[in-house]
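Participant: Once you've had a glance at the structure underneath, I'll fire off some questions.
The values are calculated or read from the model by the stated rules, or taken from the named source; none is laboratory data. None of the values given here were measured: they were computed from a predicted structure. Cβ placement follows ideal geometry from the backbone for every residue including glycine, while neighbour counts extend to all protein chains displayed. Quick note on the areas: whole protein, heavy atoms, side chains included, nothing else; ligands and nucleic acids left out. Shrake-Rupley method; radii C 1.70, N 1.55, O 1.52, S 1.80 Å.
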Amino acid sequence: MIDELLDGSGSLSTTASAAVEEAVRAAAAAEIVPRWRQLATHEIVEKSGPHDLVTVADRAAEAHLTASLTRLLPGSVVVGEESVHADPAVYEEIKGDAPVWIVDPVDGTWHFAHGDPGFCTLVALALRGEVLASWTFAPARDEMAVAVRGGGARLNGEAIRAGAPAPGAALKVATSHPDYTTEEQKAALLGLYTEGVEARPCGSAGLEYLAVAKGELDAVAFSWEYAWDHAAGLLLVEEAGGAHTTLAGDPFRVTGANALPFTAARDRATADRVRALLATR
């Protein structure tokens, strides 16, 4: 099972990581890119509301990834956004003993459905609640970010570091988008709307995490914990030198039961500063 993908040090092998990257690219090439800006009206469906969409590309890409990833790692399971939407019990597999692929086939579906390039595919490999590796692929931008626990973060093959915000500069923070946020969640994020912080609604969560890992954004602050939105990006930020923390001061757990909101930031000091602001709500 999992030993087939690990090298002698217990880290994901370079060959295995490349095979997963190839699978992600193949799914995007076959199921996502050909449908971008080509969707018919009947191929876009509302789930919980007008801003929560699913398209034929989401479902086809998740099916494609489910087949290819479980073939790469026999005995593994897939927890994907669309499979959980169809059967919420699937989400419990994250807490099991089998290796789990956590998949968001099209993160930023609203953007994808409206012809905007701000979408990506997110894949993370986890075992017993620990994320071992992640892949963030933005096909419209030709960006592939890969993170391996203990092995750093790379964007299109080049190492990336998040760095730290400039001293005295206003913090740039992306927060849960109001279109997807309850009144209680909005209240929980109010601490960020203060002097010294430039808060804005987030787009694709995966691309916001990538912006933090690249040092283009100082932090994110989110009020929901679906693992497919966060697992890949949190490891990417961590391996780029950043940090993440929940409202309780604990690292975010993909298995759930986190004290919300939580933040991921370019460095520990920024994460702690954002957490303190969230605690003032």
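Participant: So what are the ³J(HN,Hα) numbers for region 191-200, from phi and the Karplus equation (6.51, -1.76, 1.60; θ = phi - 60°), rounded to whole Hz, Gly and Pro as x?
Facilitator: Along region 191-200, the couplings run x, 7, 8, 8, 4, x, 10, 10, 9, 8 Hz.
Participant: A follow-up question, please. Can you list the HN-Hα couplings for region 255-264, worked out from phi with the Karplus curve (6.51, -1.76, 1.60; θ = phi - 60°), rounded to whole Hz and with x for Gly and Pro?
Facilitator: Couplings: 7, x, 6, 8, 7, 9, x, 9, 9, 10 Hz.
Participant: While we're here: With Kirkwood's inverse mean 1/r over C-alpha pairs for Rh, give me the Rg to Rh ratio of region 53-121, two decimals please.
Facilitator: Ratio of gyration radius to Kirkwood radius for region 53-121: 1.01.
Participant: Any idea of ASP267's accessible area? Nearest 10 Å², probe 1.4 Å.
Facilitator: 30
Participant: While we're on this one: Can you tell me, using C-alpha contacts under 8 Å and at least 6 residues apart, the relative contact order of the chain as a whole percent?
Facilitator: Rounded, it is 15 percent for the chain.
Participant: Report in % the part of the accessible area of the chain that belongs to carbon and sulfur, leaving out ligands and nucleic acids; probe 1.4 Å.
Facilitator: C and S fraction of accessible area: 51 percent.
Participant: While we're on this one: Two decimals is fine: what's Rg over Rh for region 136-212, C-alpha atoms, Kirkwood radius as Rh?
Facilitator: With Rh from the inverse mean 1/r over Cα pairs, Rg/Rh is 1.04.
Participant: Obtain the nm distance between the two label points defined at ASN156 and THR255 by a simple spin-label model: each point lies 7 Å from its Cα along the Cα-to-C-beta direction.
Facilitator: For the pair ASN156/THR255, the computed spacing is 3.9 nm.
Participant: I've got another one for you. In Å, the Kirkwood hydrodynamic radius of region 163-281 over pairs of distinct alpha carbons?
Facilitator: The Cα-based Kirkwood calculation yields 13.7 Å.
Participant: At a Förster radius of 22 Å, what calculated FRET efficiency corresponds to the Cβ-Cβ distance of THR41 and ALA86, to the nearest 0.05?
Facilitator: E between THR41 and ALA86, to the nearest 0.05, is 0.50.
Participant: For n ≥ 4 DSSP H runs only, could you compute -39500 (n - 2.57) per run for the chain, divide by its residues and tell me the 222 nm figure to the nearest 500?
Facilitator: -8500 deg cm²/dmol
Participant: Where both partners of a DSSP beta bridge lie in region 76-160, what percent of those bridges are antiparallel, to the nearest 5?
Facilitator: 85
Participant: Would you compute, for the Cα atoms of region 84-183, the largest minus smallest coordinate along each principal axis and list the three values in descending order, in whole Å?
Facilitator: 45, 36, 30
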